[in-house]
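Novice: Sending over a structure as structure tokens; questions will come in a sec.
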Amino acid sequence: MEHKPDMSSSNLVLPKKPSGLKNFAKKLIEQRVLVLMSVPFLAWLFIFKYMPLWGWTIAFQAYKPAKSFSEQKWVGFDHFKFLFEDERFLRVLRNTVAMSGINLVLGFVTAITLALLLNEVRKVAFKRIVQTVSYLPHFISWVVAASIIQTTLSPDGIINQMLLWIGWVEKGEEILFLGIPEQFWTIFGASSVWKDVGWNTIVYLAAMTMIDPAQYEAAEMDGAGRIKRMWYVTLPGIKPVIIVLLIMNIGYLLESGFEPQYLLGNGMNVDFSENLDIFVLKYGIAQGNYSLSIAAGMFKTIISFILLFAANNLAKRMGESRLF
Amino acid sequence: MKKKILLTCMTAFMIFTAACSNSGNGGETKPTNSTNTPANTASEGKETDKPVEKVTFSYFNGVAAAKDINSNETTIGKILEDQTGVNFKIEHLVGDLNTKVGTMIASNAYPDVMIPDAAIDKILDAGAFIALDDLIEQYGPNIKRVYGKYFNQMRAADGKIYFLPFSNTVGEYIPDPNINQGAFWVQRRVLKEAGYPKVTTLDGYMDLIKNFVEKHKDEDLTGYVSLTHDWRFFATSNPPNHLAGYPNDGNVIVDMNTFEAKTYAADENTKRWLQKLNEINAEGLFDKASFVDNFDQYLAKLTSHKVVGFFDYGWQFANAQNALKDAAKQDPTQDDFVYFPLPVTFDGQKDQYLDPPGFVKNRGMGITVSAKDPARIVQYLDNLLTDENQILQKWGIKGETYEVNENGRMYRTAEQIAKIDEAFNEKFGFKYYSWNWPLYNNGSSLPDGNSVSPGMQAEVFQMSLTNEDKTILEKYGVKTYSELFAAPDDRPWYPAWGIPKEQGSTQQIWETKKDELTKKYFPKLVLAKPADFEKVWTEYTDAFGKLDTAAYEKWTTDEVKKLIEASKQ
């Protein structure tokens with residue numbers, strides 16, 4: 001410990017700052033231990049996060065595996081052209097953004113609401129039970145979850161049985177929920193909420209514990225009821241968390257997930273269920289057309305990058321907390 | 001003080017990472033050298049009388065799911081190791097085939113031998129298999145004997161052979177007494193109640209189901225189910241072809257006179273088939289959930305006793321049928337729910353449900369560029385193809401898993417049949433050796449007339465029948481299920497779906513797009529109000545018309561004609 005002030009103060013002691021390069025070299029030598037320590041991690045970052053970017057060149061080739069780089073045929077922007085001229089690609093893009101948007105909005109609203117409500121619960125046992133029950137589905141794999149959803153929604157599933165019982169549908173006229181294309185987004189949104197709402201509340205509940213109880217007391221003194229306290233104390237208290245999460249999630253807007261759409265999708269609802277990842281699987285990987293997959297992946301990365309920076313910038317301008 | 005410790009840690013870490021990367025580079029060449037030298041000197045020292053050094057090769061199987069195992073841990077594998085000194089470390093696919101194979105291609109590191117199954121095009125594209133021609137010439141007298149007449153069909157575009165398929169028939173062709181291929185299936189009790197009628201037309205079949213469901217209103221029965229899940233959709237899209245009297249050639253019907261291949265996904269046959277389904281749907285006989293159920297739900301329905309009839313391939317719903325048969329063995333009254341195959345066609349014309357002796361050309365086993373000693377592997381494979389080893393592979397050991405009677409006919413006793421269950425299959429090695437190696441195909445026979453595979457031997461088949469099985473077969477005047485069906489015509493190109501297609505070729509893209517269209521429109525057509533059927537059909541054919549079907553048909557026709565030529569040589 002006693003070395004530390006010594007190291008940093010040495011800068012201040014210098015009578016006159018030397019020029020940039022000299023200063024840099026001097027600092028480098030002084031802090032060689034720190035520099036050395038960071039080398040392996042920089043190397044890791046470079047090898048595993050930056051080197052793979054080399055693979056993006058595949059998007060501009062008619063890539064054949066097992067051939068060396070110099071033997072590949074270059075095709076320029078052909079794959080991008082194929083993507084953007086394909087009507088299916090636009091439809092798939094619409095589905096991706098729509099489902100992501102549904103996920104984003106629904107996910108935030110339901111998770112924050114549940115967190116707010118749970119925060120007000122005084123009975124600890126009840127709170128625990130609600131929390132456990134709501135976050136358990138998160139640990140079920142989508143394969144199992146999709147089976148549960150399919151069974152629930154099937155013509156002899158519980159929902160149709162209930163509709164039959166209250167007389168909304170006739171026997172033999174059961175509704176084929178997964179066969180109605182327009183309903184797919186609803187089903188997808190509801191299943192995602194069911195699966196992840198409990199899990200998503202955890203971070204908000206944690207943020208709420210950080211709020212100073214004195215604020216609640218003060219608010220109560222001023223005559224604020226429960227709702228008012230939620231609105232004027234709890235919500236502003238967790239605002240920084242909400243905004244940071246929002247920025248991060250906007251970066252993932254083109255990642256609407258793969259499993260639920262793939263597992264719940266079928267021929268009847270394909271117009272609304274097929275998303276970017278499934279498209280890439282079908283026309284890229286399954287056909288051995290790796291170049292197309294990379295082109296689609298590149299497109300996704302670049303858009304995500306722009307979205308992330310835009311959201312962050314917006315937060316900065318509005319004077320809110322931000323990611324970086 | 002602290003700085004020093006930190007520095008020491010740092011240097012230690014750096015040295016460690018450096019050491020790691022060093023051993024990574026040198027490791028590949030050095031150890032092989034060091035193991036090679038003693039082996040070389042040993043063989044130089046006394047190479048004459050000692051049998052060859054024992055080796056283990058790696059073998060990846062992308063088709064089947066089973067426990068990973070060393071072949072010499074099974075009885076069959078041990079005997080083969082004693083003969084050749086070769087052991088195989090068998091690895092099975094876990095997870096996604098394309099991912100696994102893609103990783104191999106990217107790293108250019110393969111197992112010694114592999115069966116890439118559906119990813120074989122990718123493997124060939126990557127040049128991962130070595131050409132076998134010279135090796136077969138040198139070490140493969142048996143391979144030549146068994147595969148010789150198929151060599152022309154096995155050659156790649158460059159005229160070389162890269163892998164050995166498994167569907168070569170040797171000797172007299174013996175058809176399967178069971179129905180493992182397509183058929184229209186119906187619960188046995190339906191036939192029993194109707195007095196065992198001979199049903200050969202689609203209308204007759206649907207009426208049979210209709211009458212039965214009407215008579216048993218209180219049982220909440222499902223008349224007809226169809227399998228549509230994922231790639232198994234062909235169970236719903238193939239029937240028009242079968243109903244018109246053709247075998248399963250995939251996407252095309254091949255005219256027997258002109259040998260022109262025509263797709264049928266949007267022709268009159270398909271229209272007639274879908275219209276029939278639309279009709280029974282309107283009558284409440286069709287299970288709507290067919291279009292959203294997954295494969296497990298489908299199998300569960302078949303075992304629920306509620307489904308009266310359906311079309312499917314025997315191998316596909318074997319799990320469900322076996323469960324029903326097992327139940328019937330325990331309790332004969334359950335026999336009512338076992339499904340019985342019927343040779344149904346549109347107008348009762350000659351059916352072609354049984355597979356002609358075909359040759360699947362786009363699946364097989366190859367030796368990779370990473371293989372250490374291809375010659376040893378080819379010798380092993382060649383050794384597998386002797387008559388004696390074929391008997392070992394399929395029948396097992398005389399006195400233990402089969403018997404021979406005074407006429408030289410091979411059979412199994414009731415105890416032996418009972419003994420051979422899944423656990424025994426694994427331990428003895430039938431599970432690992434009955435398929436997925438170069439072999440005589442199931443329909444083959446030995447020179448003495450015995451069938452190569454026990455399942456096709458009439459004696460073994462008869463032993464597997466229950467009294468109820470015998471009763472129903474008797475009512476139809478046959479001894480085996482396949483006798484109900486017409487004998488297959490000769491089709492040298494069969495199956496057309498087995499013609500290899502290049503990765504990302506126009507044919508493959510046509511098939512993907514066609515799949516997408518049929519999966520989208522078939523449900524609409526079947527579930528539409530009967531009055532709207534024509535309208536939806538026009539919509540479908542308009543969309544289908546946008547595909548370049550003519551090019552696909554031309555390509556298939558050319559390939560079929562090439563195969564006919566190849567078979568004449």
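The values are calculated or read from the model by the stated rules, or taken from the named source; none is laboratory data. What you see is a predicted model, and the numbers here were worked out from it, not measured in a lab. For neighbour counting, all protein chains shown are included, and Cβ atoms are generated from backbone atoms with ideal geometry for every residue, glycine included.
Novice: So if I check each of A:Ile159, A:Ile175, A:Ile202, which one is touching a helix residue (DSSP H, G or I) at 6+ places or on another chain (Cβ under 8 Å), more than 23 Å from B:Ala282 (Cβ to Cβ) and without any contact (Cβ under 8 Å) to a residue 40 or more places away in the chain?
Specialist: Working: A:Ile175 fails: more than 23 Å from B:Ala282 (Cβ to Cβ); A:Ile202 fails: without any contact (Cβ under 8 Å) to a residue 40 or more places away in the chain.
Matching residue, one of A:Ile159, A:Ile175, A:Ile202: A:Ile159.
Novice: Right, next: From the list A:Tyr262, A:Tyr290, A:Tyr283, which residue is within 11 Å of chain B (Cβ to nearest Cβ), buried (at least 17 other Cβ atoms within 10 Å of the Cβ) and under 19 Å from the mean Cα position of the chain (by Cα)? Write out each step before concluding.
Specialist: On the way: A:Tyr290 fails: under 19 Å from the mean Cα position of the chain (by Cα); A:Tyr283 fails: under 19 Å from the mean Cα position of the chain (by Cα).
Checking each option against the conditions leaves just A:Tyr262.
Novice: Applying the selection to region B:536-547, what residues are assigned to a helix (DSSP H, G or I) and loosely packed, with under 12 Cβ neighbours inside 10 Å? Can you show your working first?
Specialist: Taking region B:536-547 first, the residues assigned to a helix (DSSP H, G or I) are B:536-545.
Passing the criteria: B:Thr538, B:Asp542, B:Gly545.
Novice: Taking the condition of being at pLDDT 90 or above, assigned to a helix (DSSP H, G or I) and among the basic types (Lys, Arg), how many residues in region B:134-180 meet it?
Specialist: Total satisfying the criteria: 2.
Novice: Restricting to region A:204-234, name every residue that is surrounded by 15 or more Cβ atoms within 10 Å (Cβ to Cβ) and hydrophobic (A, V, I, L, M, F, W, C).
Specialist: Passing the criteria: A:Leu205, A:Ala207, A:Met208, A:Ile211, A:Ala219, A:Ala224, A:Met230, A:Val233.
Novice: Yes or no: B:Asp469 away from chain A (no Cβ under 14 Å), over 19 Å from B:Lys562 (Cβ atoms) and not in a helix (DSSP H, G or I)?
Specialist: Numbers: away from chain A (no Cβ under 14 Å): yes; over 19 Å from B:Lys562 (Cβ atoms): yes; not in a helix (DSSP H, G or I): no.
Spelling it out, it is not the case that B:Asp469 is away from chain A (no Cβ under 14 Å), over 19 Å from B:Lys562 (Cβ atoms) and not in a helix (DSSP H, G or I).
Novice: Here's another thing I want to ask about it. Which ones in region A:302-318 are under 15 Å from A:Leu254 (Cα atoms) and either surrounded by 15 or more Cβ atoms within 10 Å (Cβ to Cβ) or aromatic (Phe, Trp, Tyr) (or both)?
Specialist: A:Ile303, A:Ser304, A:Phe305, A:Leu307, A:Leu308, A:Phe309, A:Ala311
Novice: Right, next: When region A:49-79 is examined, which residues are found to be within 22 Å of B:Ser505 (Cβ to Cβ) and aliphatic (A, V, I, L, M)?
Specialist: Correct list: A:Ile58, A:Ala59, A:Ala62, A:Ala66, A:Val75.
Novice: Let me ask you something else. Which members of region A:72-85 meet the condition of being assigned to a loop (DSSP other than H, G, I, E, B) and surrounded by 14 or more Cβ atoms within 10 Å (Cβ to Cβ)?
Specialist: Of the residues in region A:72-85, the ones assigned to a loop (DSSP other than H, G, I, E, B) are A:72, A:75-77.
A:Gln72, A:Val75, listed by residue number.
Novice: Kindly indicate which of B:Asn269, B:Asn248, B:Asn294 is closer than 30 Å to B:Lys306 by Cα and at pLDDT 95 or above.
Specialist: None of the other options fit; the residue is B:Asn269.
Novice: Within region A:39-63, can you find the residues that are of a type in the set (S, T, N, Q) and within 29 Å of the chain's Cα centre (by Cα)? Before the answer, list the steps.
Specialist: Let us first name the residues in region A:39-63 that are of a type in the set (S, T, N, Q), namely A:57, A:61.
Scanning region A:39-63 gives a single hit, A:Thr57.
Novice: Next question, about the same structure. Of these, A:Thr151, A:Thr201, which one is closer than 30 Å to A:Phe108 by Cβ, within 10 Å of chain B (Cβ to nearest Cβ) and β-branched (Val, Ile, Thr)? So that I can check it myself, show each step before the final result.
Specialist: Numbers: A:Thr201 fails: within 10 Å of chain B (Cβ to nearest Cβ).
Exactly one residue qualifies, and that residue is A:Thr151.
Novice: Helices (runs of 4 or more DSSP H) wholly in region A:97-216 with at least 1 residues that are in contact with a Phe, Trp or Tyr (Cβ under 8 Å, 6 or more places away or on another chain) and closer than 22 Å to A:Pro240 by Cβ - which ones?
Specialist: Details: elements: A:124-135, A:142-153, A:158-165, A:184-209.
Per the criteria, A:184-209.
Novice: Mind listing whichever residues of region B:503-514 are more than 9 Å from chain A (Cβ to nearest Cβ) and touching a helix residue (DSSP H, G or I) at 6+ places or on another chain (Cβ under 7 Å)?
Specialist: To start, the set of residues in region B:503-514 that are more than 9 Å from chain A (Cβ to nearest Cβ) comprises B:506-507, B:510-511, B:513-514.
Across region B:503-514, the qualifying residues are B:Thr506, B:Gln507, B:Trp510.
Novice: Now for a different question. Among the residues of region A:38-71, which ones are basic (Lys, Arg) and loosely packed, with under 14 Cβ neighbours inside 10 Å? Spell out how you get there, then give the answer.
Specialist: Of all residues in region A:38-71, those basic (Lys, Arg) come to A:49, A:64, A:67.
The one that is basic (Lys, Arg) and loosely packed, with under 14 Cβ neighbours inside 10 Å: A:Lys49.
Novice: Answer yes or no as to whether B:Gly429 is surrounded by 15 or more Cβ atoms within 10 Å (Cβ to Cβ), among the small types (Gly, Ala, Ser) and under 30 Å from B:Val199 (Cβ atoms).
Specialist: So B:Gly429 does not fit the description; no.
Novice: Moving on to the next point. Would you tally the residues in region A:86-104 being away from chain B (no Cβ under 14 Å) and either farther than 30 Å from B:Lys520 by Cα or crowded, with 19+ Cβ neighbours inside 10 Å (or both)? Let's see the steps before the verdict.
Specialist: Residues of region A:86-104 that are away from chain B (no Cβ under 14 Å), as a first pass: A:90, A:93-104.
Subset that is either farther than 30 Å from B:Lys520 by Cα or crowded, with 19+ Cβ neighbours inside 10 Å (or both): A:93, A:95-96, A:99-100, A:103.
Summing the residues that are away from chain B (no Cβ under 14 Å) and either farther than 30 Å from B:Lys520 by Cα or crowded, with 19+ Cβ neighbours inside 10 Å (or both) in region A:86-104 gives 6.
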